[in-house]
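Asks: There's a structure below that I have some questions on.
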Amino acid sequence: MTTYNGVIFDMDGVLVDSERLYLKANLAAGKAQGLTLTAADYAPLAGTTNATARAFYQKYFPGNRAQEFLDDTYALVDEYVAAGDLRPKPGVAELLETLQKAGIPLAVGSSNYHTMVHRFLAKIGITDRFSAIVTGDDVAHGKPAPDIFLAAAKALDIDPTRALVVEDSVNGIQAALNAEMTPVLIPDLRSAEQVVQEVGRPILVAPDLLHIAELF
């Protein structure tokens with residue numbers, strides 16, 4: 001018998017291979033400002049909202065410069081996407097098809113901007129797979145707060161404790177736990193070991209999206 005009544009997917013790094021684009025843009029924008037950033041600098045921001053990222057970069061770019069830096073980052077991501085660099089993560093189409101055929105309600109819960117989320121999902125042709133799409137623009141608090149996932153569960157009309165959340169980041173995993181949902185980690189920029197260690201408790205880990213179907 002299925003344990004979960006619905007699945008909520010993060011987008012960046014889970015459905016679309018976009019975290020690498022953001023990392024690449026982040027490093028390039030920093031270099032243009034004379035600042036050497038690393039993947040380790042970017043890691044804490046995975047899964048967070050623009051407001052959280054802006055606050056983080058205030059230590060490097062005081063005043064309005066932090067938002068200007070982020071705007072430069074987003075502009076570079078736009079260039080990469082326009083060049084055809086945005087791709088679905090392996091197994092996305094197959095997993096969504098399997099879950100839909102099984103009658104499992106699906107939602108997206110992303111900290112990214114509303115416009116960016118809908119643009120990326122449309123770009124890879126999966127928008128219509130989801131009954132609900134909740135973004136960082138739709139809630140008061142982004143991940144690791146539970147707001148995004150709780151709103152997605154409400155939109156699907158399911159008990160949060162019966163929701164499976166597919167995530168790739170520490171912030172996303174913590175948001176799912178804070179919502180009393182069951183997270184499953186799909187490693188992306190960081191290894192499963194790194195994420196689990198930072199989360200500080202055992203969680204489900206799947207090597208790729210195709211293995212998610214085995215949980216149903």
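We did not get these values from a lab; they are worked out from the coordinates using the rules stated. Worth saying up front: this structure is predicted, and the values here are computed from it rather than measured. Here the Cβ is made from the backbone with ideal geometry for all residues, glycine too, and neighbour counts use every protein chain on show.
Asks: Taking the structure as given and computing volume of the Cα convex hull per residue in Å³, which label from (1) 166; (2) 110; (3) 120 fits?
Replies: Read-out taken from this structure: (2).
Asks: I've got another one for you. Chymotrypsin sites (Phe, Trp or Tyr not before Pro), restricted to segment 111-150: which are DSSP loop and have at most 16 other Cβ atoms within 10 Å?
Replies: Details: sites: Y113, F120, F130, F149; in loops: Y113, F130.
The qualifying sites are Y113.
Asks: Can you compute 3J(HN,Hα) from phi for each residue in segment 142-151, using the Karplus curve 6.51 cos²θ - 1.76 cosθ + 1.60 with θ = phi - 60°, rounded to whole Hz and x for Gly and Pro?
Replies: x, 4, x, 5, x, 3, 4, 6, 5, 5
Asks: So for the chain: antiparallel DSSP bridges make up what percent, rounded to the nearest 5? Please report the intermediate quantities before stating the final value.
Replies: On the way: 1 of 18 bridges.
Of the beta bridges lying entirely in the chain, close to 5 percent run antiparallel.
Asks: Another question, if that's okay. Return the subset of K123/K154; K59/K154; K123/K143; K24/K101; K59/K123 for which the Cα-Cα distance in this structure is over 30 Å, preserving the input order. Before the final figure, lay out each step's value.
Replies: Values: K123/K154 26 Å; K59/K154 37 Å; K123/K143 24 Å; K24/K101 37 Å; K59/K123 34 Å.
Result: K59/K154; K24/K101; K59/K123 exceed 30 Å.
Asks: What list of ³J(HN,Hα) couplings, whole Hz, do you get for segment 119-133 from phi and the Karplus terms 6.51, -1.76, 1.60, once you set θ to phi - 60° and write x for glycine and proline?
Replies: 5, 5, 5, 5, 4, 9, x, 10, 3, 6, 6, 10, 7, 8, 9
Asks: Let me ask you something else. Can you list the HN-Hα couplings for segment 206-212, worked out from phi with the Karplus curve (6.51, -1.76, 1.60; θ = phi - 60°), rounded to whole Hz and with x for Gly and Pro?
Replies: Running phi through 6.51 cos²θ - 1.76 cosθ + 1.60 with θ = phi - 60° gives 10, x, 7, 5, 4, 6, 4 Hz.
Asks: Only sites in a loop by DSSP and with at most 14 other Cβ atoms within 10 Å count here; which trypsin sites (Lys or Arg not before Pro) in segment 23-62 make the cut?
Replies: Details: sites: K24, K31, R54, K59; in loops: K59.
Passing sites in segment 23-62 are K59.
Asks: Amide H of V108: which non-local residues (sequence gap of 5 or more, or other chain) have their own amide H closer than 5 Å, using H built in the peptide plane?
Replies: Residues meeting the amide H criterion: F9, A132, I133, V134.
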